[in-house]
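The numbers here are math on the coordinates, done by the rules we state, and not lab data. All values derive from a computational prediction rather than experimental measurement. Counting neighbours? That spans all protein chains shown, and the Cβs are built from the backbone with ideal geometry, glycine included.
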Amino acid sequence: MGCCYSSETEATEQDRSERKPLIPHPNPDSKPPNGTERSPPGLSSTRTDEQALLTSILNKTAMSIIDVSAADSQGMEQHEYMDKARQYSTKLAVLSSTLCQKKPAPLPSLTSQPHQVLASDLVPYSDVQQVSKIAAYAYSAISQIKLT
Amino acid sequence: MEATLEQHLDDTMKNPAIVGVLCTDAQGHNLGCRGSLSDEHGGVVSVLAKQAASLTKDLTDSPTVCLESDSGNVLVRTHGTITVAVHKIVS
């Protein structure tokens, strides 16, 4: 069998770079001066992270928000208003005439002799009754299908 | 469990004028079919029956939808939760 690994061989430069940790160990040399004085570092750092995150979200929202109530609205004069109304109505008239030209696709024709089809005999009532009975029997047959 | 329904469909087909029969549930799922009517007609049949039922305010009155053509008629009727379609040729 072959050898997958042997510690006897010398570590090459390539090996050292392969084995170098990706995330360097934070502060391996520092030691806490007094265990009781220091607050748990993990908890306070998460708190500040959260605060920072919330603040950033708040800033982003404040920058992208558009406040319509604060906008200054300038009144329009009467002649301007009439002018605009006339412009809009003419534009609408032009658009509505162009839009109306789109017609829906016509339905396919089912018969070339509609008079014959319409004048032919009605569906016999006995057939309707027969189907009604078939449906009733089918329903009772299906209601017999039960989960046990 | 479905033997009764299957037998009923076979008995229906014994009628010489009937060339197809189909049973679906309210969603158009095929519960049983014979002859000229098959799986692919389930959806259309159930929707036709449902739309026809919405035309009347009387909930007890179940309408029979008749599709007439030169070769025969397809009659569709709902009973309870199932819809039945029968293809009958003109005799």
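Some notes on this structure:
- A Förster radius of 41 Å, combined with the Cβ-Cβ distance separating B:Met13 from A:Cys100, puts the computed FRET efficiency at roughly 0.20.
- Under DSSP loop assignment and at most 13 Cβ neighbours within 10 Å, longest trypsin sites (Lys or Arg not before Pro)-free interval of chain B: B:15-56
- Amide H contacts of B:Gly72 (H built 1.01 Å from N, under 5 Å, at least 5 apart or other chain): B:Val90
- Evaluated with a Cβ-only charge set (Lys, Arg +1; Asp, Glu -1), the stretch B:28-77 carries a dipole of roughly 160 debye about its Cα centre, given to the nearest 20.
- Applying Stokes-Einstein at 20 °C and 1.002 mPa s to the Kirkwood radius of chain B, computed over alpha-carbon pairs, gives a translational diffusion coefficient of 161 µm² s⁻¹.
- When both the stretch B:40-77 and the stretch A:77-92 are represented by their alpha-carbon centers, they are found 53 Å apart.
- For the stretch B:29-52, the residues whose amide N sits under 20 Å from a probe point set 7 Å from the Cα of A:Leu110 along the beta carbon direction are B:36-38, B:40-52.
- Once the Kirkwood radius over Cα pairs is known for the stretch A:73-132, the Stokes-Einstein relation at 37 °C and 0.692 mPa s delivers a diffusion coefficient of 182 µm²/s.
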